[in-house]
Amino acid sequence: MVFTGQGKGKTTAALGMALRAAGHNMKILVLQFIKGTWHYGELEALKKFDNIAIQPLGAGFTWKKENLDKDRELAMKGWEEAMKAIESNTYHMVVLDEINYVLSHGLLPLDNVLDFLKNRPPSLHLVFTGRNAPPSLVEMADLVTEMVAVKHPYKDKGIKGQKGIEF
Ligand code: ATP
Ligand code: MG
């Protein structure tokens, strides 16, 4: 499953999937590629579920040209975590939040990622989120939803990120 597009709702849609699966006693892992030390409500909320694990991997990303190698290294570390989790056969669902962003910025080799995914356990549900999902990922996915930004409180009214809505 891929949630992409410029509109809000990609990460929250993925967390909704995790919630739905959790209700069936499935085991879910959420790996967050970009998010670092910010205090997102979902980090607290998901602690209440013993079958959902959530792990932020984004601390240290700089997004600066001069630090590209370091960002690549961090992205690779995150992807290694993801591969381990996928191969472990422990989870029914793995959410890779914001990985599309990492892929579209060339911080991870897309072909290697897609090749690896071809051999994933067949019953595993995988959810990819983030803007600019690469076309080859879109082609491989079974479900792709593009969020369209019709209105956004920040873009249209300058309203800053709100607790419970953005974080
Ligand atoms: P959410 O985490 O709320 O589901 P998202 O995953 O779709 O949003 P991202 O692309 O990860 O959104 O961006 C993170 C934050 O940027 C969101 O919390 C959000 O409200 C804000 N954002 C998303 N779309 C827009 C937009 N079109 N204009 C301004 N800010 C936006
Ligand atoms: Mg997001």
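All of the numbers you see were taken from the coordinates with simple rules; none came from a lab. Please read all numbers here as calculations on a predicted model, not as lab measurements. Please note: Cβ atoms are built from the backbone with ideal geometry, for glycine as well, and neighbour counts cover all protein chains shown.
Worth a mention:
- Unmet requirement for E42, which otherwise passes all of (1) assigned to a helix (DSSP H, G or I); (2) under 25 Å from E139 (Cβ atoms); (3) within 13 Å of ligand 1 (Cβ to nearest atom): (2)
- Residues (buried (at least 18 other Cβ atoms within 10 Å of the Cβ) and either outside any helix (DSSP H, G or I) or within 13 Å of ligand 2 (Cβ to nearest atom) (or both)) located in segment 9-39: K10, T11, A14, L15, I28, L29, V30, L31, Q32, F33, I34, K35
- Applying the condition of being of a type in the set (V, I, T) and crowded, with 16+ Cβ neighbours inside 10 Å to segment 88-132 and asking which residue is nearest to ligand 2 (Cβ to nearest atom) yields T129.
- Residue within segment 87-97 that is touching a helix residue (DSSP H, G or I) at 6+ places or on another chain (Cβ under 7 Å), more than 16 Å from ligand 1 (Cβ to nearest atom), of a type in the set (A, V, I, L, M, F, W, C) and touching a residue at least 12 places away in the same chain (Cβ under 8 Å) present: yes
- Search result, residues across segment 54-103 that are at positive phi and among the small types (G, A, S): G60
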